[in-house]
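A short worksheet on the structure shown next.
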Amino acid sequence: MSKKKMSTKAKVQLMVFLIVYVAIGLWNAKLMTAPPSEALKNIANRWIVQFGPDNAWYYQINPMTVIMSFIVILIIIVFAKSVHKELSLIPGKKQAFAESLMDFIYDIVESSVPNEKYARTVFKIAMTLFIYIAVSNLIGGFIPGISADVSVAENGVRTVKFTLFNDTWFPPTGDLNTNLTYAVMVFIISQYFAIKTKGIKGWLKGFLEPVAFMLPMNIVGELAKPLSHAMRLFGNVTGGGILVLVISYLVKYMFLPPILWGYFGIFSGLIQAFVFSTLAIAYMASSIEA
């Protein structure tokens, strides 16, 4: 069996890419003269805007989270419209991809939620979470874009400087508030399903099982679900981004970053979206069970 050889056009494209990539890498290495302590000192700072009383955390907002959330939603809407526009009995690539993805998630929901009355609702919630988180992780994991470099003065004043292509786009899932919002939403929906399927008495009785002595532990266990649900996603997305940034700086952005971006942006990013959505399915399914 003969091996398929790379075409001349592909070889030229690969050569041009390598030349440009090496040239940019050498240019970065020449410009990056600051020590790590100076270059990475603002790594944990966020662009925070206070729109109410000072020192009130509930009057703070991260504009990058809001902006990037709208961008993620726009990407999803544009893709969904393009798929809907080309719907046919013989699916094209986009339609086949969308249908395969939905079938995959629905199979998980169907096996976890035997009650058909709730399966479609759980599927819609889980599918929405998966698509949003997956797109967020992808654009924030390996696509270079606009980033906000925030420095905090001794008096607490934040100075924001926007940079282009020095980092990836800011992922909304890199903000704990985003992840906690979705985790709390899943928690509330789970409790609603439990009340609807078991009734108020059955729902309250569940906190006394297997014995009444376990009431405090059961309450703590339920409240810990949204916290662990949110922190798992936040820790993986933020930790991966910091790791890529630090290692990329140490190697002067030469050769290694694309491998790291590919892993944390594509592989790990999609895995985390899948884990978050399947945990949401598990939490809702456990509440629906009689």
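The values are calculated or read from the model by the stated rules, or taken from the named source; none is laboratory data. In this text the structure is predicted, and so the values were computed from the model without any measurement. Virtual Cβ from ideal backbone geometry, glycine too; neighbours counted across all protein chains shown. Side chains are part of the model used for accessible areas, which takes the heavy atoms of the whole protein and leaves out ligands, DNA and RNA. Shrake-Rupley method; radii C 1.70, N 1.55, O 1.52, S 1.80 Å.
Scanning segment 76-122 for residues that are β-branched (V, I, T) and either outside any helix (DSSP H, G or I) or farther than 21 Å from F274 by Cβ (or both) turns up I77, V78, I90, V113. In segment 160-186, the residue that is least open to solvent (accessible area, probe 1.4 Å) out of those that are in a strand (DSSP E or B) and in contact (Cβ under 8 Å) with a residue 24 or more places away in the chain is T168. Pairs are defined by a Cβ separation below 7 Å, a sequence spacing of at least 6 or placement on different chains, a first member in segment 60-82 that is within 27 Å of N45 (Cα to Cα), and a second member that is among the basic types (K, R); the pairs so defined are N62/R46. Residues that are hydrophobic (A, V, I, L, M, F, W, C), assigned to a strand (DSSP E or B), at pLDDT below 90 and open to solvent by less than 30 Å² (accessible area, probe 1.4 Å) do occur in segment 131-151.
Of the helices (runs of 4 or more DSSP H) lying entirely inside segment 215-290, those carrying at least 1 residues that are at pLDDT 85 or above are 215-250, 268-288. Answer yes if at least one residue in segment 200-223 is of a type in the set (A, V, I, L, M, F, W, C) and touching a residue at least 24 places away in the same chain (Cβ under 8 Å), and no otherwise. No, segment 200-223 contains no residue that is of a type in the set (A, V, I, L, M, F, W, C) and touching a residue at least 24 places away in the same chain (Cβ under 8 Å).
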